[in-house]
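Here is the structure we will look at.
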Amino acid sequence: MHDPNWEPRIVAFFCNWCTYTAADLAGVSRLKYAPNVRIVRLMCSGRVDPQFILAALAGGADGVLIGGCHIGDCHYAEGNLKTLRRFRLLKRLLAGFGLEEPRVRLEWISAAEGDKVRCVINEMVEQLRPLGPLAWGQRHGAQGWQAASAAITPEAEAAHA
Amino acid sequence: MNTNSRNGDIRIGFYICHCGRNIAGVVDCAAVAGEIAKLPGVVVSRDYKYMCSEPGQELIQDDIRERALNRVVVASCSPLLHEHTFRNAIEAGGLNRFFFQMVNIREHDSWVHTDGPAATAKAIALARAAVRRVRLHCALETVRAPIHPDVLVVGGGITGIHAALTLANGGKKVFLVEREPSIGGHMAKFDKTFPTLDCAACILTPKMSAVRAHENIRLWTNSEVVKVEGYVGNYTVTVRRRPRYVNEELCVGCQECIEACVFKEGKFPDEFNVGLSKRKPIYIPFPQAVPQVVLIDRERCLHFKTGKCKRTCVEACADRHAIDFTQKEELVEIKVGNIIVATGFKLFDAGRIPQYGYGRYPNVVTSIELERLVTSSGPTGGDVLLRDGRSPKSVAFILCVGSRDFRTNRWCSRTCCMHSMKLAQLVREHTDAEVTVFYLDIRAPGKGCEEFYDKSLKEGIRFVRGRVAEVTDWALREEEEGKLVIRAEDTLAGVVRRIPVDMIVLAVGMEPQADAQDVRRLFNMSCGTEGWFLEKHPKLAPVSTFTDGVFIAGCCQGPKDIPDSIAQAGAAAAEAMALIDRGFIEQEPNTAYIAEAECSGCKSCIPLCPYKAIGFDEPTRKARINAALCKGCGTCVAACPSGSIRQHLFEDDEIFSEIEGVLTHA
């Protein structure tokens, strides 16, 4: 059993226009949610390099949340579609490494959906709790990270496109 | 990239804002400042009550000078609110404005958490990430781009009209695009305006003609915006101009063609009179319509339907030759620098509340229908009449129909209380009917409005507080025979009442336009949960949107009365004018660029860019980014297999350092 005082840690990558603004709205509306999330602002969810997600998982995050505009509403027309494509591939690879499904999550949250920010974060924290710490390094040893990175080959990407 | 700026002695100043009690009430600011002070490179770490205030900004500037800071981190509110403020402050203090990073510990921390220690730990983690990140920042220059001086105003209601006139009077060229065949919007249908009871037409129609006559305004009615491309200062907009089958340049509005139409009487519901009167297939929307040009309803015109019409209208027009059945839809492309969206609202469909009997009982009408009845230019010449032509002896108003109701719309439509009281007074003026108003709360907050409510009370209009349960024609008592009966709880008296009346007026609320979502996408705006267009900030930027150069005004942003709509129209015009008169726009330099030595020329980035900003240089076999076209989304950066595309302000190492920073245990 893991340390009873353990709290899941989530790194979130939110796009500037929709999800980051929605998180601001959650604040302005004084909605309350679990304090386990650390938000990194990017201009578009399309900027989320899969390596950011791997770096967060390798660096001690127990889960990663990506937030972007709804499909069709991307501030940059279609950045979120690219995110989706990449995310699905990455998710399959991560599953191959034994990563539990709820640990990496993609959500479309518009600037008006402050309450969705609250719900998603709370739900994710609750889903991560029974899974315990990720401890990625201990699972795969020092090689885990490199192996995961190397698995993202152009062939794998083409197969998924 | 100025690589030198990343080396050398890094001297960071960290400032955490209390924001009164907004942050300090939850986060232990002194503790955060204490923790951050221990980090390498941090020269000063302070907490202060209001960092955004003048003394707060001076604190930073003094430290830049006295402690030779070359990086600044401020932990306070959202960067979307005050990043600009602090960047300006450090620039004034002598630093490049991009040697700055902001930490959001209000919207993302103190306002959303109640657990003090956890919130403080979160603030420390976020601040640590920013301190790590800011070390890597580079000096950058803001990019300046020219701004096209013309403005597009979408929507020709009172808001759009006022915005267009303000800009045009300021010497700007304006394109005013209206979907309907005439400008005027909802206000054109009103008889009088509250609380002064002055004539609506006397305010509106001179403005409408001013639009038509103004040399700086190009008015396109019967037209819609179908495509918007570009960015602030440089929008390319495609407008679809639907045919009216009458040449606008040739028609003088004599209306002899209408007279001559083979339909001797009007046969089709007149949109302007909300179906209370009939019009012909060739018509002018209303007498004061601007432009004063007739149009032909293609769906109803015999020529279009059968091809066998005698075309008496063409004969009547004679040698003016204004009628042109061959007119086709046109797509026109225009270039503008700013766009003002003033697309207004639609009225709630009263049929959605079946228990009020709208559509079932002919003498249940909506407030806009009554508005047409009391207007002297309306279908009854200003007489308030029942459907059978009698004058009503008693009239009841039901307020909050489709407003403040969790089953329909939760919001208050803001104008219906005042609008109903105005109509109630007009009904008293036009008839000798008893008037009863059923209300939840009377909301009369505007200037002169509470006084108007007092006047209504003194004039003998009865007010009953309670939501009406139903309207029925089922008479239980003799005095209810042949009448409509309102069943409502009188919450002040604590009794359930049955009140028989002749006419019932439903004060229907405001709703976002049916196509608000399409319009939102067209102009790259956001909507609130209710569907109204979202302003950038309710107080700091009430008519701006998240897309620079696109402004909103009037009821498309939320329900409001005429004075508020006009005030917003003026505000939006001023915002546009401020941008135009400055002559240039400053763009965030968050563009992508290619590290040429590392580019393998695989071209995988090229199809990813929605703005076609990436090209391929054949001689060198390298990708090339046109910074003027790049909008800075960073999608290509994340996709480049060799990592040779970078993004200013969002460099890979900056983001990696942020990730490490938020995850480092204290």
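The values are calculated or read from the model by the stated rules, or taken from the named source; none is laboratory data. None of these values were measured; they are calculated from a predicted model. FYI the Cβ positions are ideal-geometry reconstructions off the backbone, even for glycines, and counts take in every protein chain you see.
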* Asked: For segment B:631-666, which residues satisfy the criterion of being among the charged types (D, E, K, R) and surrounded by fewer than 15 Cβ atoms within 10 Å (Cβ to Cβ)?
  -> B:653
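Can you tell me which residue in segment B:298-335 is farthest from residue B:221 (Cα to Cα), limited to those that are of a type in the set (S, T, N, Q) and assigned to a loop (DSSP other than H, G, I, E, B)? Explain how you work it out, then say what you get.
Step one: list which residues in segment B:298-335 are of a type in the set (S, T, N, Q), which gives B:306, B:312, B:326-327.
In the following step, the residues that additionally are assigned to a loop (DSSP other than H, G, I, E, B) were identified as B:306, B:326-327.
Working: B:306: 27, B:326: 18, B:327: 15 Å.
In this case the residue turns out to be B:306.
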* **Qualifying residue in segment B:514-534 (condition: away from chain A (no Cβ under 14 Å) and buried (at least 16 other Cβ atoms within 10 Å of the Cβ))** => no
* In segment A:83-114, the residues that are over 15 Å from the mean Cα position of the chain (by Cα) and not small (Gly, Ala, Ser) -> A:97, A:113
* Which of the residues that make up segment B:436-447 are under 15 Å from residue B:193 (Cα atoms) and surrounded by 14 or more Cβ atoms within 10 Å (Cβ to Cβ)? -> B:444, B:446
* Report, by residue number, each residue of segment B:537-556 that is outside any strand (DSSP E or B), within 13 Å of chain A (Cβ to nearest Cβ) and within 10 Å of the chain's Cα centre (by Cα). => B:545
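Applying the selection to segment A:94-115, what residues are farther than 30 Å from residue B:630 by Cβ and more than 9 Å from chain B (Cβ to nearest Cβ)? Give the steps one after another, and end with the answer.
First pass over segment A:94-115, keeping only residues farther than 30 Å from residue B:630 by Cβ: A:94-103, A:114-115.
A:94, A:95, A:96, A:97, A:98, A:99, A:100, A:101, A:102, A:103 - these are the residues of segment A:94-115 that are farther than 30 Å from residue B:630 by Cβ and more than 9 Å from chain B (Cβ to nearest Cβ).
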* Structure fact -> Being under 22 Å from residue B:128 (Cβ atoms), more than 7 Å from chain B (Cβ to nearest Cβ) and touching a residue at least 60 places away in the same chain (Cβ under 8 Å) narrows A:36, A:80 down to just A:36
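Do the conditions hold for residue B:608, that is, is it farther than 24 Å from residue B:132 by Cβ, aliphatic (A, V, I, L, M) and at the interface with chain A (Cβ under 9 Å from one of its Cβ atoms)?
Details: farther than 24 Å from residue B:132 by Cβ: yes; aliphatic (A, V, I, L, M): yes; at the interface with chain A (Cβ under 9 Å from one of its Cβ atoms): yes.
Considered against the rule, which asks whether it is farther than 24 Å from residue B:132 by Cβ, aliphatic (A, V, I, L, M) and at the interface with chain A (Cβ under 9 Å from one of its Cβ atoms), residue B:608 comes out as yes.
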* Structure fact -> Of the residues in segment B:283-297 that are over 30 Å from the mean Cα position of the chain (by Cα) and not in a strand (DSSP E or B), the one that is surrounded by the fewest Cβ atoms within 10 Å (Cβ to Cβ) is B:297
* To do: Filter segment A:1-31 down to the residues that are touching a His at 6+ places or on another chain (Cβ under 7 Å) and farther than 10 Å from residue A:67 by Cβ, then identify the one that is farthest from the other protein chains (Cβ to nearest Cβ).
  => A:17
* **Test: residue in segment B:223-231 that is in contact (Cβ under 8 Å) with a residue 24 or more places away in the chain, crowded, with 16+ Cβ neighbours inside 10 Å and part of a loop (DSSP other than H, G, I, E, B)** => no
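From B:628, B:578, grab the single residue that is hydrophobic (A, V, I, L, M, F, W, C), assigned to a loop (DSSP other than H, G, I, E, B) and loosely packed, with under 14 Cβ neighbours inside 10 Å. It would help to see each step written out before you state the result.
Working: B:578 fails: assigned to a loop (DSSP other than H, G, I, E, B).
After ruling out the rest, the residue left standing is B:628.
Going through segment B:602-625 one residue at a time, which ones are part of a loop (DSSP other than H, G, I, E, B) and loosely packed, with under 15 Cβ neighbours inside 10 Å? Before you say what the answer is, go through the steps one by one.
Within segment B:602-625, the first condition is being part of a loop (DSSP other than H, G, I, E, B), and the residues that meet it are B:602-605, B:609-613, B:618-621.
B:602, B:603, B:612, B:618, B:619, B:620, B:621, listed by residue number.
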* How about segment B:585-600: which of its residues are in a loop (DSSP other than H, G, I, E, B) and in contact with a Pro (Cβ under 9 Å, 6 or more places away or on another chain)? -> B:600
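Working carefully through the options B:97, B:128, find the one that is more than 14 Å from every other protein chain (Cβ to nearest Cβ), charged (D, E, K, R) and over 23 Å from residue B:235 (Cα atoms). Steps first, answer last, please.
Numbers: B:128 fails: more than 14 Å from every other protein chain (Cβ to nearest Cβ).
Sole residue among the options that is more than 14 Å from every other protein chain (Cβ to nearest Cβ), charged (D, E, K, R) and over 23 Å from residue B:235 (Cα atoms): B:97.
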* Search segment A:39-55 for residues being in contact with a Gly (Cβ under 9 Å, 6 or more places away or on another chain) and within 7 Å of another protein chain (Cβ to nearest Cβ), and hand back the single one that is nearest to residue B:662 (Cα to Cα). => A:39
* **Leading residue by the ranking (modelled with the highest pLDDT) among those in segment A:6-47 that are over 28 Å from residue B:639 (Cβ atoms) and of a type in the set (Ser, Thr, Tyr)** => A:33
* Looking at (1) surrounded by 22 or more Cβ atoms within 10 Å (Cβ to Cβ); (2) of a type in the set (Val, Ile, Thr); (3) farther than 21 Å from residue B:78 by Cβ, can you tell me which one residue A:10 breaks? -> (3)
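At least 1 residues that are in contact with a Leu (Cβ under 9 Å, 6 or more places away or on another chain) and not assigned by TED's automatic domain parsing to the domain that holds residue B:627 in each: list the helices (runs of 4 or more DSSP H) lying fully within segment B:1-114 that qualify. Break it down into steps so the answer makes sense when it comes.
Values: elements: B:29-37, B:54-66, B:79-92.
Once the helices (runs of 4 or more DSSP H) in segment B:1-114 are filtered for at least 1 residues that are in contact with a Leu (Cβ under 9 Å, 6 or more places away or on another chain) and not assigned by TED's automatic domain parsing to the domain that holds residue B:627, what remains is B:54-66, B:79-92.
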* Asked: Quick one: would you say residue A:120 is more than 10 Å from every other protein chain (Cβ to nearest Cβ), within 13 Å of residue A:14 (Cβ to Cβ) and in a helix (DSSP H, G or I)?
  -> yes
* Asked: Does residue B:351 meet the test of being surrounded by 17 or more Cβ atoms within 10 Å (Cβ to Cβ) and modelled with pLDDT of 95 or more?
  -> no
* To do: Tell me, yes or no, whether segment B:627-637 has at least one residue that is more than 12 Å from chain A (Cβ to nearest Cβ), out of contact with any Lys or Arg (no Cβ under 9 Å at 6 or more places or on another chain) and at pLDDT below 95.
  => yes
* Quick check: anything in segment B:27-49 within 38 Å of the chain's Cα centre (by Cα), closer than 23 Å to residue B:139 by Cα, touching a residue at least 60 places away in the same chain (Cβ under 8 Å) and crowded, with 21+ Cβ neighbours inside 10 Å? -> no
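Rundown of residues vs (1) in a helix (DSSP H, G or I); (2) modelled with pLDDT of 95 or more, yes/no style:
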| site | (1), (2) |
| --- | --- |
| B:417 | yes, yes |
| B:429 | yes, no |
| B:454 | yes, yes |
| B:463 | no, yes |
* Asked: In this structure, does residue B:141 turn out to be assigned to a loop (DSSP other than H, G, I, E, B), of a type in the set (D, E, K, R), more than 14 Å from chain A (Cβ to nearest Cβ) and over 30 Å from residue B:72 (Cα atoms)?
  -> no
